[in-house]
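All of the numbers you see were taken from the coordinates with simple rules; none came from a lab. Please read all numbers here as calculations on a predicted model, not as lab measurements. Glycine gets a Cβ as well: all are built from the backbone with ideal geometry, and neighbour counts include every protein chain shown.
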Amino acid sequence: MSSEESNTDCIFCKISSGEIPSQILYQDEDVVVFPDVRPLTPVHLLVIPRKHITSLAEMAGDETPIIGKMVKVANQVAREQGISESGYRLTINSGADAGQVVFHLHMHLMGGRHLDWKH
Ligand code: 5GP
Ligand code: ZN
């Protein structure tokens, strides 16, 4: 099953539930934001739905509104992080060719320095 409320083997479900402690920068009933463990930019956060959705490609049609909420939250956190005016990038990798390694939908929020295309 590609979408379920929670997956006991999933690292991001464990962060969302608090089973694995993380610095939570934002959370509500739908969305959680925490730092990427291997930051590639001065600000590198992950925005995830609480619901265990494996990837963009596996999303059910009625699940796509969560993407809008994730963007809304990312914009708010970007303002709080002070990178709203300097600029930032939101990225969702889907599948092997895009380099997806964690199969719980997540949006990278990256900024704090100039970003070349892809880097
Ligand atoms: P992907 O390539 O799947 O889009 O990105 C997965 C991201 O999750 C990577 O940037 C990686 O550093 C991050 N990551 C992997 N495991 C953990 C973890 O246990 N905690 C946190 N905070 N980030 C993780
Ligand atoms: Zn999960």
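Tell me what the chain gives for mean residue ellipticity at 222 nm when only DSSP H runs of n ≥ 4 count, each as -39,500 (n - 2.57), the sum divided by the residue total, rounded to 500 deg cm²/dmol.
Taken over the chain, the calculation gives -6000 deg cm²/dmol.
The dipole here belongs to segment 51-111: it is taken about the Cα centre, uses +1 on the Cβ of Lys and Arg and -1 on the Cβ of Asp and Glu, and is about 180 debye. For the chain, a simple Cβ point-charge model (Lys and Arg +1, Asp and Glu -1, everything else neutral) yields a dipole of about 460 debye relative to the Cα centre. At full extension, VAL37 and ASP9 could sit 8.3 nm farther apart than now, given 0.36 nm per residue minus the alpha carbon distance.
Estimated from the Cβ-Cβ distance and a Förster radius of 25 angstrom, the FRET efficiency linking ILE20 and ASP97 is about 0.30.
With only Cα atoms counted, the chain has Rg and Dmax values of 13.7, 40 Å. Take every Cα pair under 8 Å whose residues are at least 6 apart in sequence, average their separation, divide by the length of the chain, and the relative contact order is 29 percent. The angle separating the long axis of helix 65-80 from the principal Cα axis of greatest extent in the chain is about 30 degrees.
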